[in-house]
Amino acid sequence: MASLIDWDYLAALSGGDRNFEQELLQAFVEDAQLRLASLAAAVASGNLDQIKRDAHHLKGSSGNVGVTAIQNIAAQLEQQTTLAAAQPLVDELQQLYQAVVSEVAA
């Protein structure tokens, strides 16, 4: 499977400092975990405004660390106007997140 992390982007951002890259990714993983929990709660309660806020935050934070797959799905989620359309995107984000966590831990 191809990497979900754009390591070239991170290397350019960090000046090649692998420790800093890991710190950035760890901060992203921790923040994304909270955002995904908030997204799940927002979907469960039918709160589209919260879904859009969390998706927007996740879009930005994932883009900042070169995790474009999550960034792209979060951008799609931010544009959704129905819960029925949002739920599969939240599910996809959770799957991508787990893959990123595995890659960061490797």
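Values in this text are rule-based calculations from the coordinates and carry no lab data. In this text, all values refer to a predicted model and were calculated from it rather than measured experimentally. For neighbour counting, all protein chains shown are included, and Cβ atoms are generated from backbone atoms with ideal geometry for every residue, glycine included.
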### Query
Looking at residue 49, is it farther than 14 Å from residue 4 by Cα and within 13 Å of the chain's Cα centre (by Cα)?
no
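How many residues does segment 52-89 hold that are aliphatic (A, V, I, L, M), within 17 Å of residue 30 (Cα to Cα) and either in a helix (DSSP H, G or I) or in contact with a Gly (Cβ under 9 Å, 6 or more places away or on another chain) (or both)? Even if it seems obvious, please write down each step before you answer.
Quick first cut of segment 52-89, residues aliphatic (A, V, I, L, M) only: 55, 58, 65, 67, 69-70, 73-75, 77, 83-86, 89.
In the following step, the residues that additionally are within 17 Å of residue 30 (Cα to Cα) were identified as 55, 58, 65, 67, 70, 74.
From the residues that got through so far, the ones that are either in a helix (DSSP H, G or I) or in contact with a Gly (Cβ under 9 Å, 6 or more places away or on another chain) (or both) too are 55, 58, 70, 74.
Counting residues in segment 52-89 that are aliphatic (A, V, I, L, M), within 17 Å of residue 30 (Cα to Cα) and either in a helix (DSSP H, G or I) or in contact with a Gly (Cβ under 9 Å, 6 or more places away or on another chain) (or both) gives 4.
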### Query
What pairs can you find where one residue is in segment 21-43 and surrounded by fewer than 20 Cβ atoms within 10 Å (Cβ to Cβ), the other is not in a helix (DSSP H, G or I), and their Cβ atoms are less than 6 Å apart, with a gap of 6+ or different chains?
24/65
### Task
Please work out which residue is surrounded by the most Cβ atoms within 10 Å (Cβ to Cβ), limiting yourself to segment 59-84 and to residues that are in contact with a Phe, Trp or Tyr (Cβ under 9 Å, 6 or more places away or on another chain) and of a type in the set (A, V, I, L, M, F, W, C).
67
### Message
Could you check segment 1-51 and list, in sequence order, the residues that are outside any helix (DSSP H, G or I) and either in contact with a Gly (Cβ under 6 Å, 6 or more places away or on another chain) or among the hydrophobic types (A, V, I, L, M, F, W, C) (or both)?
### Response
1, 2, 4, 5, 6
